[in-house]
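Below is one structure, written out as structure tokens; the observations come after it.
The numbers here are math on the coordinates, done by the rules we state, and not lab data. Keep in mind it's a predicted model, so treat the numbers as computed, not measured. Backbone-built Cβ (ideal geometry, glycine too); neighbour counts: all protein chains shown.
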Amino acid sequence: MPPSDTGIDKRSLIIRRAARELRDGFYVNLGIGMPTLVANYVPAGMEVVLQSENGMLGIGPFPPAGTEDSDLINASKETVTELPGTSFFSSADSFAMIRGGHIDLSILGAMEVDQEGNLANWMVPGKVVKGMGGAMDLVASARRVIVAMEHTTKTGESKLLKKCTLPITGLKVVDTVITELGFFRLTPQGLLLVELAPGATVEQVRASTAADLQIAQGIITWPN
Amino acid sequence: MVASSAEAVADIPNGATLMLGGFGLCGIPENLIAALVSRGVKDLHTISNNMGVDGFGMGLMLDAGMIASHIGSYVGENKLLEQLVIAGKLQVTLIPQGTLAERIRAGGAGIPAFYTPAGFGTVVAEGKESREFDGKHYIMERWLKADFALIKAWKGDRHGNLVYRKTARNFNPMMATAARITIAEVEELVEPGDLPPDSIMTPGIYVNRILKGEQYQHRIERLTVSRMHGGAGGSACVFAPTPNPESRPL
């Protein structure tokens, strides 16, 4: 079955594949938007601790209506809950654990990724700049940075480029890119297509990708 | 100990540099902000992660035209701020959130500069010294200090010992250490000895003035609640955001 053109199906494919990169015991920071939804696909029986850079380890689900607490929010400023084992700490402690390399995995969205592993996701020149928040700290220091994004822009342009055109968030920081077409790794030789999404073909990925693309030997299609 | 927010901020002059605690609307010194707005102080240089929202928190200071410059990491919640920046009436410097937190911590800890990997190779690094340590690149960042820090805690005593609640801690503990005068507003003012010494998060040495905040609105910036989920799998509740027109993914 070819991937659907609807954004929701694309996002679901990406999110579910990204969730398979979680490992038991991981401390994970999920970026705003689509990456947040990875939390819904933590495999049964696996324990993953979610970090929120405003000062919390062990983010629970959104609260039942009526029990929300204005002192208990995530980095998107959404109300959340505690779990058994949750801890709170200051922003300095939070970023010390981020910069110190204690976060196993950071999954975040992007506007552009290039074949050198540069990431752009914080500003578009000419538009009002809102700020980078914690993104630059996270990508500079997480043990592994996965970008989960749609393969192309709304107008169909590749988001995987030879060279980022937007101001970058981090230099050579991306380890893995997951899109609705494939699973890519950034290697010393460049961007490597390792797995195809269900229904996608190598030709389709080539046609949709502006970056120079290496194809892994024995490439597989990830099971849906 | 001071009796009111108005008394606590009475000597903050025009042109002062202020740190204001909080992340979004969580843990902001809302009573001290209201008192400052009432006084109508001008040309303030503010340091705070965010800038409130239109009509609340630091958004009130923007409305009143009190801020000349701001250092923060994310200011996406203010339409007025956009207009002021475009009109050249407000200078905003955006820096990585961890760098902001550490610059403030460094200011309070007597560390004039430090190296961080955040922002290397980006516009943040422009004009800054960079160095390689053990094969990785870092940029040098300077400490941040202020004339006044306005912070918010959950409980405090007259020695200035403070306890914060949940994610309302955020930038407050570092800011408490990095200003010449630190003013703390608390929801509950208790007697010395009521706070277990092991639980104190900011020791009173850092706090110059403390007061019980007059009123707390407990504002929520993005209300998200769970929908119970009947499907198979580990989790019973869904993290998917509830429909919320205010919610705006990056």
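If I model a spin label at residue A:24 and residue B:159 as a point 7 Å from the Cα along the Cα→Cβ vector, what separation in nanometres do I get? With each label point 7 Å from Cα toward Cβ, the separation is 4.6 nm.
Residue by residue, segment B:208-214 carries 3J(HN,Hα) couplings of 8, 9, 9, 8, 7, x, 5 Hz when phi is fed to the Karplus relation 6.51 cos²θ - 1.76 cosθ + 1.60 (θ = phi - 60°); x denotes Gly or Pro. For segment B:40-158, a simple Cβ point-charge model (Lys and Arg +1, Asp and Glu -1, everything else neutral) yields a dipole of about 300 debye relative to the Cα centre. Since only A:45, A:73, A:191 are under comparison, the one whose Cα sits farthest along the positive direction of the charge dipole of chain A, derived from C-beta charges on Lys, Arg, Asp and Glu, is A:191.
Result for chain A in a Gaussian network model with C-alpha springs under 10 Å: among A:110, A:65, A:75, the largest mean-square fluctuation is at A:65. Between residue B:136 and residue A:220, the simple spin-label model (points 7 angstrom out along Cα→Cβ) gives 3.1 nm.
Taking other residues whose beta carbon is less than 13 angstrom from the beta carbon of residue B:68, and scoring Lys, Arg as +1 and Asp, Glu as -1, yields +1. On the basis of the beta-carbon distance and an R0 of 25 Å, residue B:216 and residue B:181 show a calculated FRET efficiency of 0.65. Among A:202, A:129, A:139, which one shows the biggest mean-square fluctuation in a GNM of chain A, springs joining Cα atoms closer than 10 Å? The residue that fluctuates most here is A:129.
Here the label points at residue B:38 and residue A:202, each 7 Å from Cα along the C-beta direction, are separated by 7.3 nm in the simple model. Normalised by the number of residues in chain B, the mean separation of alpha-carbon contacts (under 8 Å, six or more apart) gives a relative contact order of 20 percent. Inter-chain Cβ neighbour count for B:122-129, averaged per residue, equals 3 (cutoff 10 Å, partner chain atoms only). The Cα atoms of chain B give a gyration tensor whose axes a ≥ b ≥ c have a/c under 1.5, which makes the shape rounded. Comparing mean-square fluctuations of B:90, B:162, B:150 from a GNM of chain B with C-alpha springs under 10 Å, the top value falls on B:90. For residue A:168, the amide hydrogen comes within under 5 Å of the amide hydrogens of B:123, counting only partners 5 or more places away or on other chains and with H modelled in the peptide plane. Considering only A:121, A:211, A:131, the residue lying farthest towards the positive end of the dipole of chain A is A:211, judged by Cα position with unit charges set on Cβ.
Counting Cβ atoms of other protein chains within 10 Å of each residue's Cβ and taking the mean over peptide A:51-57 gives 5. So, counting K/R as plus one and D/E as minus one, what does the shell of residues with Cβ under 11 Å around residue B:35 add up to? Taking every other residue near residue B:35 into account, the sum is -3. Calculated mean residue ellipticity at 222 nm for chain A: -4500 deg cm²/dmol, from DSSP H runs with n ≥ 4 weighted as -39500 (n - 2.57), summed, divided by the residue count and rounded to 500.
Among B:159, B:90, B:190, whose Cα projects farthest towards the positive end of the dipole of chain B, with charges put on the beta-carbon of Lys, Arg (+1) and Asp, Glu (-1)? Final value for the positive-end residue is B:90.
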